[in-house]
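The values are calculated or read from the model by the stated rules, or taken from the named source; none is laboratory data. Bear in mind the structure is a predicted one, so any value in this text is a computation, not a measurement. Each accessible area value is taken on the protein alone, full model and side chains, heavy atoms only, with ligands, DNA and RNA left out. Shrake-Rupley method; radii C 1.70, N 1.55, O 1.52, S 1.80 Å.
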Amino acid sequence: MSVWLMIGLFLLIANLPWIGNRVFFLIPMQSKPIWVRLIELVVYYLLSLLIGIAFEIRYSGDVYTQQWEFIVTTLSLFLVLAVPGVVYRYQWLPMQKKFR
C-alpha cells in the first residue's frame, strides 16, 4: 500500500509546476516561463527524493547508498509522471482557447 501511496504522491508533485501561474504557489506571475517551470520541477524532484528517504527510514530503519543509476532512473520516472501536466498545459489549454 505504501508504494502506491508514494507513486500517487509523486504523480501529484510532478504535475504541480504545470498547474498554475504561481511560482511554488506563492509568487504570482502573469505567465510563467518554461525555465521557471523546469526549476520548479527540479526542486519538486529533490523534494520527492527527500520524501522517499523518509519513507525508507520509516519502513526499513536505514538509508541504502545509491549510485548514479538510481538518480537517473528516478528522474526519468519523475519526468514520465509529469507528462499529464505538460499535456494539460501545452496541448489541452491551447486547444480549449482555440475552440472558444
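Ratio of the chain's C-alpha Rg to 2.2 N^0.38 Å, to two decimals?
1.25
Kindly sort F78, F24, F10, F99 by accessible area of their heavy atoms, largest first, with the probe set to 1.4 Å.
Values: F78 5, F24 75, F10 30, F99 155 Å².
Sorted by accessible area, descending: F99, F24, F10, F78.
For the chain, give the percent of accessible area contributed by carbon and sulfur heavy atoms, probe 1.4 Å, rounded to a whole number.
Numbers: 5410 of 7440 Å².
The computed percentage sits at 73.
Report, to the nearest 10°, how far helix 34-60 tilts away from the longest principal axis of the Cα atoms in the chain, using its own Cα long axis and a range of 0 to 90°.
The angle comes out at about 30 degrees.
Please give the per residue accessible area of the chain, computed with a probe of 1.4 Å over protein heavy atoms only, in Å².
Roughly 74 Å² per residue, with all protein chains present.
Take E69, E40 and sort them by solvent-accessible surface of the protein heavy atoms, 1.4 Å probe, largest at the top.
Final ranking, largest accessible area leading: E69, E40.
Tell me the mean residue ellipticity at 222 nm calculated for the chain from its helices only (DSSP H runs of n ≥ 4, each -39500 (n - 2.57), averaged over every residue, nearest 500).
Numbers: 5 runs with 66 residues, N = 100.
Rounded to the nearest 500, the figure is -21000 deg cm²/dmol.
With a 1.4 Å probe and all protein chains in place, put W35, W4 in order of accessible area, largest first.
W4, W35
Any chance you could look up the accessible area of I19 with a 1.4 Å probe, heavy atoms only, rounded to 10 Å²?
Taking all protein chains as shown, I19 has close to 90 Å².
Return the long-range amide H neighbours of V23 (sequence gap of 5 or more, or a different chain), with a cut-off of under 5 Å between placed amide H atoms.
Distant-sequence amide H within range of V23: M29.
Compute the angle between helix 2-15 and the longest alpha-carbon principal axis of the chain, please, reported from 0 to 90 degrees and rounded to the nearest 10.
It works out to around 30 degrees.
Have a look at region 30-88 and give its Rg and Dmax from the Cα atoms, expressed in angstrom.
14.0, 45
Taking the 0 to 90 degree range and rounding to the nearest ten, how far is the long axis of helix 68-81 tilted relative to the main principal axis of the chain, both from C-alpha atoms?
Around 40 degrees separate the two axes.
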